[in-house]
1. Under 18 Å from the mean Cα position of the chain (by Cα), modelled with pLDDT of 95 or more and part of a helix (DSSP H, G or I): does that describe Ile88?
2. Take the residues of region 48-74 that are in a loop (DSSP other than H, G, I, E, B) and over 15 Å from Val19 (Cα atoms): which is modelled with the highest pLDDT?
3. For region 99-127, what are the residues that are part of a helix (DSSP H, G or I) and either aromatic (Phe, Trp, Tyr) or farther than 25 Å from Thr16 by Cα (or both)?
4. Tell me which residues, restricted to region 41-53, are surrounded by 13 or more Cβ atoms within 10 Å (Cβ to Cβ) and either among the small types (Gly, Ala, Ser) or under 16 Å from the mean Cα position of the chain (by Cα) (or both).
Amino acid sequence: MPKHEHFKRVRQDHQTELVEDYVEEIAHLHSTMGEARASDLAERFGVSTAAVSKVITRLKRDGLVIARPYRGIFLTESGETLAKRVAIRHAIVLDTLRRLGVPEEIARADSEGIEHHCSEETVVAMRRFLDNSPT
């Protein structure tokens, strides 16, 4: 594969990274707090509620969330599917880093970025590594 194709893929990964982080966090907030609000997302991501609102508008346009004023943010079926896929991939990357001996705090921080840049083939290989390596 030519080198420019690798850079193209990284640019595409960056475009989906924000969407995946938001969908994953909305699902997490629903499971732990029973709801997801723009203010909760702003606090979690360390951004303004205006920045969250911009992303939520994009997620609504893409059919991943339903958001109504003063009613919270809810994942659509497509959003739920994406959130589950991202959470599984995140867990595999995190578990792989832990198994490699990366300290917990660093593994958690690194997995937040790495998870978005792993191909499905890499995630499958990580899963195989986890399944076949001693605990």
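1. Values: under 18 Å from the mean Cα position of the chain (by Cα): yes; modelled with pLDDT of 95 or more: no; part of a helix (DSSP H, G or I): yes.
Considered against the rule, which asks whether it is under 18 Å from the mean Cα position of the chain (by Cα), modelled with pLDDT of 95 or more and part of a helix (DSSP H, G or I), Ile88 comes out as no.
2. Filtering region 48-74 for residues in a loop (DSSP other than H, G, I, E, B) gives 48, 62-64, 69-71.
Then keep just the ones that are over 15 Å from Val19 (Cα atoms); that gives 48, 69-71.
Numbers: Ser48: 94, Pro69: 77, Tyr70: 77, Arg71: 80.
My answer is Ser48.
3. Correct list: Arg99, Glu104.
4. Start the filter on region 41-53 by keeping residues that are surrounded by 13 or more Cβ atoms within 10 Å (Cβ to Cβ), which leaves 41-42, 44-45, 47, 49, 51-53.
Hits for region 41-53 are Leu41, Ala42, Arg44, Phe45, Ala51, Val52, Ser53.
The values are calculated or read from the model by the stated rules, or taken from the named source; none is laboratory data. As the structure is a prediction and not an experimental result, all values here were calculated from the model. When we count neighbours, we look across all protein chains shown, and the Cβ atoms used for this are built from the backbone with ideal geometry, even at glycine.
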